[in-house]
Amino acid sequence: MKVVNQPLRKKDAMQLVTGRPVYVDDVTPRDCLCVKLLRSPHANAIVKSINKTAAMKVPGMEAIFTWEDVDQDGRRYTQAGQTYPEASPYDRLVIDRHVRFVGDVVAILAGADEKCVDKAMKLVKVEYEVLEPVLDFHTAKDNPVLVHPEDNWESLAPVGADNRRNLCAHDECGNGDIDEVLADCDVVIDRVYHTQACQQAMMETFRTYCEIDTYGRLHIISSTQIVFHTRRIVANALHIPKSKVRVTKPRIGGGFGAKQTAVSAVYPAFVTWMTKKPSKIIFSRVESQIASSPRHEMQMHVRLGATKDGIVRGIDLHTLSNTGAYGEHGPTTVGLSGHKSIPLYGKAEAFRFTSDVVYTNHMSAGAYRGYGATQGLFAVESAVNELANILGMDPFKIREMNITHEGEIMPAYYGQLNTSCALDRCLARVHDMIDWDNKYPCRDMGNGKIRAVGMGMAMQGSGITSMDVGSATLKVNDEGFYTLLIGAADMGTGCDTTLAQIAAEVLECPLDNITTLSADTDWSPYDSGSYASSTTYVTGKATEKCALELRGKICALGAKLLGCDKEQVSFDGREVRVEEGENAGKTISLSDIATASMNGNSIELQATVTHSSEISPPPYMVGAAEIEVDTETGEVTLLDYAAAVDCGTPINPNLTRVQTEGGLLQGIGMTLTENITYDKNGYPEENSLFQYKIPARTDVGKIKVEFESSYEPNGPFGAKSIGEVVINTPLPAISDAIYNAIGTRFYELPITPEKIAMAVAEKQK
């Protein structure tokens, strides 16, 4: 392959590194209304009255909208970017009289500039009826206090939701008699694991600009992963036809799943639609911390049974997930905690996976890289590491004995066939990369310093089976260069480049001959959006098929111009050549074909292809961590992290490696430093990057990434996904390394220095 599997530079690299205008605030006007949100100081309350008289006297103020401007009995909507049928319940209003978390929207203010809006916000007088909140997700189900008592709440899909029980979703599935299998096991690990919510903390906060276009439509320019879903969300929220909404996106300064939820778009859209004036909202960092879309807090109860020889016979998992005040992505994320962890163990005779997603009066949770698999893998992989310790077995060895292999059916993965898998090779590769045999389990370095290693495995998916849709349009332009139109959103991942590489490989042209235009609901072909690890596998396959179709049209027009049948010609990316017949050897250049297509032509040099997949082939990953623990302070230093990934064929090894390194860093942060805690009133205490501690690249040691490629026959050139699986292994790997260092297991993340120091002190008593 000449273009695919090559480490080519991103198409937008120079624009980004030279600081050219590319983001929302760069490409939208300054002279528009400034929109800000007055937020609730209470976790659960009814707004009794709002006095905005004094606020509206501030010079420059345009409008203040409250619950009185929104039909409280109208149909609700969801801000979740999701494919039909929408699993998340319709439980929001643009402004609700009933506020459900600290930070919920009480009023929308719009004025000439930030200064006047800030002044006006201080003058708005609000009277609340404060209600008892539900702040503990363990007690939320069937709690007498209802987060959503309203009658116009609705669930569109059969996900087990019941607002009268504070249930956003409930599910049960399994295979075999798990209770009988566990009762017959030699060893049963029975543990409860807890992961706190955590923030995506992308560099560019949530932001959206809105205007009325030439045709009287609402034009939204937003930092979003989901332009088509945002169109639907805004139309539903404002109760206007979808034909009246256009959504586009510029560059995105990071998303990681946060921008799979339309966190900011609805509010300036409401202002612009009501005033017919352009408006813009830019979330502060504080707003992005207290009223955003973090990872779901989850509790996982794992029962894992095995023989004394280390064969895992059964896994029983119950996940309790905290969706917060609204149900965005609650029903869908929880499923991955079981379906992307249990299937790793192919020898299991039985499994059971049950889940409850509950409403609480915390900020709404949403999508974050890993999308529920991260939490589930921490629990299941940690349980397997504990099993290995109890049996006196090497953690690598116990996994070699139990893993799924290519060609096997995976009952816990919806009964799907494992069509491509190099998990065994990933295990062997990481074992050698980390020098496991010489470092496991630990080494006392003296002076209170202990070095130890730990490991874990992971799997994810490649798009949502039979749901996610990817599309591509390719057309030939003057002189024979191509335009690629996609609906997928490049959020720094480089999909504008990788999809162009796929097209260039099929069309046998240099990458620079492909111009990529993405994510505009008016002219992009429909795409579900960039989430669920779907872009390379689903949209990439659409791009490959589209390029093949366009090749056929180029050959057809070339043959017509050469006076022969299409079957007689070939195309090498530069010219169409007659291979047989009386005109054999005759050629016509792509440039001449492009020119001819504009004069007296009836063969369209353009193709559009839509693709969806009936399977979601998992990428696999193995990771191992070497840490040093200071037993006096509890500080953990990550010295080395070795990872091997099976993502099928890497389309662009440079971008694939960067994806892996970035995901690992986020997983390391989730394990050791990142935390969301609430005070007694329900206010998030980590409201800035001073309190919310994300690791920098300088905070970790070596990160070594290698690829053990399988070949996925259903993906473009054998590719699977890479975006999400890469975040999942640090949680169990580092946790087990800490156990190997100090002899105490932690079942809750993050594992802070304080927890480690207290554990060491307890052992020394």
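For region 170-177, indicate whether the set of residues that are out of contact with any Asp or Glu (no Cβ under 7 Å at 6 or more places or on another chain), farther than 15 Å from I315 by Cβ and either in the same structural domain as G74 (by TED's automatic domain parsing) or not in a helix (DSSP H, G or I) (or both) is non-empty.
Narrowing region 170-177 to residues out of contact with any Asp or Glu (no Cβ under 7 Å at 6 or more places or on another chain): 171-175, 177.
Now restrict to residues that are farther than 15 Å from I315 by Cβ: 171.
Next, only the ones that are either in the same structural domain as G74 (by TED's automatic domain parsing) or not in a helix (DSSP H, G or I) (or both) stay: 171.
For region 170-177, residues out of contact with any Asp or Glu (no Cβ under 7 Å at 6 or more places or on another chain), farther than 15 Å from I315 by Cβ and either in the same structural domain as G74 (by TED's automatic domain parsing) or not in a helix (DSSP H, G or I) (or both): present.
Return the total of residues in region 195-254 being outside any strand (DSSP E or B) and among the aliphatic types (A, V, I, L, M).
Matching residues across region 195-254 total 13.
If a residue must be assigned to a loop (DSSP other than H, G, I, E, B) and crowded, with 19+ Cβ neighbours inside 10 Å, how many such residues does region 696-708 contain?
Qualifying residue count for the region: 2.
Hey, can you tell me all the residues within region 740-765 that are part of a helix (DSSP H, G or I) and either surrounded by fewer than 19 Cβ atoms within 10 Å (Cβ to Cβ) or at pLDDT below 95 (or both)?
Passing the criteria: P753, E754, K755, A757, M758, A761, E762, K763, Q764.
Among the candidates R251, R231, which residue alone is within 30 Å of T374 (Cα to Cα) and modelled with pLDDT under 95?
On the way: R231 fails: modelled with pLDDT under 95.
Just one listed residue meets the conditions, R251.
Select from region 469-488 the residues that are more than 22 Å from the chain's Cα centre (by Cα) and part of a strand (DSSP E or B) and write down the one among them that is farthest from T536 (Cα to Cα).
Here is the first cut: in region 469-488, the residues more than 22 Å from the chain's Cα centre (by Cα) are 473-485.
Subset that is part of a strand (DSSP E or B): 473-476, 482-485.
Numbers: T473: 15, L474: 17, K475: 20, V476: 23, Y482: 20, T483: 18, L484: 15, L485: 15 Å.
Residue satisfying both the conditions and the ranking: V476.
Could you look through region 412-445, keep only residues that are without any contact (Cβ under 8 Å) to a residue 12 or more places away in the chain and small (G, A, S), and pick out the one that is surrounded by the most Cβ atoms within 10 Å (Cβ to Cβ)? Can you show your working first?
Looking only at region 412-445, we keep the residues that are without any contact (Cβ under 8 Å) to a residue 12 or more places away in the chain, and these are 415, 428, 432, 435, 437-438, 443-444.
Then keep just the ones that are small (G, A, S); that gives 415, 428.
Details: G415: 9, A428: 16.
Top of the filtered list is A428.
Can we say T78 is touching a residue at least 12 places away in the same chain (Cβ under 8 Å) and closer than 22 Å to P133 by Cα?
yes
Does D437 qualify as being outside any strand (DSSP E or B) and more than 26 Å from R369 (Cβ to Cβ)?
yes
Return the total of residues in region 710-739 being assigned to a helix (DSSP H, G or I) and surrounded by 24 or more Cβ atoms within 10 Å (Cβ to Cβ).
Total meeting the criteria: 13.
Mind listing just one residue for me: the one in region 498-525 that is of a type in the set (S, T, Y) and at pLDDT 95 or above and, of those, farthest from L218 (Cα to Cα)?
Only one residue fits best here, namely T498.
Only one of (1) buried (at least 22 other Cβ atoms within 10 Å of the Cβ); (2) free of Cβ contacts under 8 Å to residues at least 40 places away in the same chain; (3) of a type in the set (A, V, I, L, M) fails for A235. Which number is that?
In the conditions (1) buried (at least 22 other Cβ atoms within 10 Å of the Cβ); (2) free of Cβ contacts under 8 Å to residues at least 40 places away in the same chain; (3) of a type in the set (A, V, I, L, M), A235 misses (1) alone.
Hey, can you tell me all the residues within region 631-661 that are in a strand (DSSP E or B), closer than 16 Å to V700 by Cβ and not aliphatic (A, V, I, L, M)?
Answer for region 631-661, where residues must be in a strand (DSSP E or B), closer than 16 Å to V700 by Cβ and not aliphatic (A, V, I, L, M): T637, D640, Y641.
Residue by residue through region 126-155, note down the ones that are over 29 Å from the mean Cα position of the chain (by Cα) and not in a strand (DSSP E or B). Before the answer, list the steps.
Quick first cut of region 126-155, residues over 29 Å from the mean Cα position of the chain (by Cα) only: 126-133, 142-146, 149-152.
Of everything in region 126-155, those that are over 29 Å from the mean Cα position of the chain (by Cα) and not in a strand (DSSP E or B) turn out to be L131, E132, P133, D142, N143, P144, V145, L146, P149, E150, D151, N152.
Determine which single condition D356 fails, assuming it passes every other condition in (1) charged (D, E, K, R); (2) more than 30 Å from I95 (Cα to Cα); (3) touching a Leu at 6+ places or on another chain (Cβ under 7 Å).
(2)
Kindly provide the set of residues from region 16-61 that are under 30 Å from P133 (Cα atoms) and among the small types (G, A, S), ordered by number.
S40, A43, A45, S49, A55, listed by residue number.
Taking region 449-466 as the region of interest, how many residues are crowded, with 20+ Cβ neighbours inside 10 Å and in a loop (DSSP other than H, G, I, E, B)?
Total satisfying the criteria: 5.
Go through A325, A365, A383 for me and flag whichever is under 28 Å from T535 (Cα atoms), at pLDDT 95 or above and outside the structural domain of G667 (by TED's automatic domain parsing).
Answer to the check: A365.
Could you tell me which of the residues E150, E180, E114, E129 is touching a residue at least 40 places away in the same chain (Cβ under 8 Å) and touching a Cys at 6+ places or on another chain (Cβ under 9 Å)? Please lay out each step first, then the result.
On the way: E150 fails: touching a Cys at 6+ places or on another chain (Cβ under 9 Å); E180 fails: touching a Cys at 6+ places or on another chain (Cβ under 9 Å); E129 fails: touching a Cys at 6+ places or on another chain (Cβ under 9 Å).
Going through E150, E180, E114, E129 in turn, the sole match is E114.
One line per residue, one yes/no per condition, for (1) of a type outside the set (D, E); (2) more than 30 Å from F256 (Cβ to Cβ); (3) surrounded by fewer than 18 Cβ atoms within 10 Å (Cβ to Cβ):
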{"residue": "D512", "(1), (2), (3)": "no, no, yes"}
{"residue": "S524", "(1), (2), (3)": "yes, no, no"}
{"residue": "L548", "(1), (2), (3)": "yes, yes, yes"}
{"residue": "G585", "(1), (2), (3)": "yes, yes, yes"}
{"residue": "N599", "(1), (2), (3)": "yes, yes, yes"}
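Of everything in region 635-672 that's crowded, with 19+ Cβ neighbours inside 10 Å and more than 30 Å from F717 (Cβ to Cβ), which residue is farthest from the chain's Cα centre (by Cα)?
Only one residue fits best here, namely V636.
Could you look through region 601-634, keep only residues that are modelled with pLDDT under 95 and not charged (D, E, K, R), and pick out the one that is surrounded by the most Cβ atoms within 10 Å (Cβ to Cβ)?
Filtering first and then ranking leaves I603.
How many residues, within region 526-546, are part of a helix (DSSP H, G or I) and surrounded by 21 or more Cβ atoms within 10 Å (Cβ to Cβ)?
Going through region 526-546 one residue at a time, the tally reaches 11.
For every residue, the table says whether it meets (1) in contact with a Lys or Arg (Cβ under 7 Å, 6 or more places away or on another chain); (2) within 27 Å of S462 (Cα to Cα).
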{"position": "T677", "(1), (2)": "no, no"}
{"position": "S688", "(1), (2)": "yes, no"}
{"position": "V725", "(1), (2)": "no, yes"}
{"position": "P730", "(1), (2)": "no, yes"}
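Here's a check for you: in region 344-386, which residue that is among the β-branched types (V, I, T) and touching a Phe, Trp or Tyr at 6+ places or on another chain (Cβ under 6 Å) is surrounded by the most Cβ atoms within 10 Å (Cβ to Cβ)?
In the first step, residues of region 344-386 are kept if they are among the β-branched types (V, I, T); the result is 354, 357-358, 360, 374, 380, 384.
Remaining after also requiring touching a Phe, Trp or Tyr at 6+ places or on another chain (Cβ under 6 Å): 358, 360.
Working: V358: 26, T360: 30.
Of everything passing the filter in region 344-386, T360 is surrounded by the most Cβ atoms within 10 Å (Cβ to Cβ).
The values are calculated or read from the model by the stated rules, or taken from the named source; none is laboratory data. Keep in mind the model is a prediction, meaning the values are calculated, not measured. Methodologically, a virtual Cβ is constructed for each residue, glycine included, from the backbone with ideal geometry; neighbour enumeration extends over all protein chains shown.
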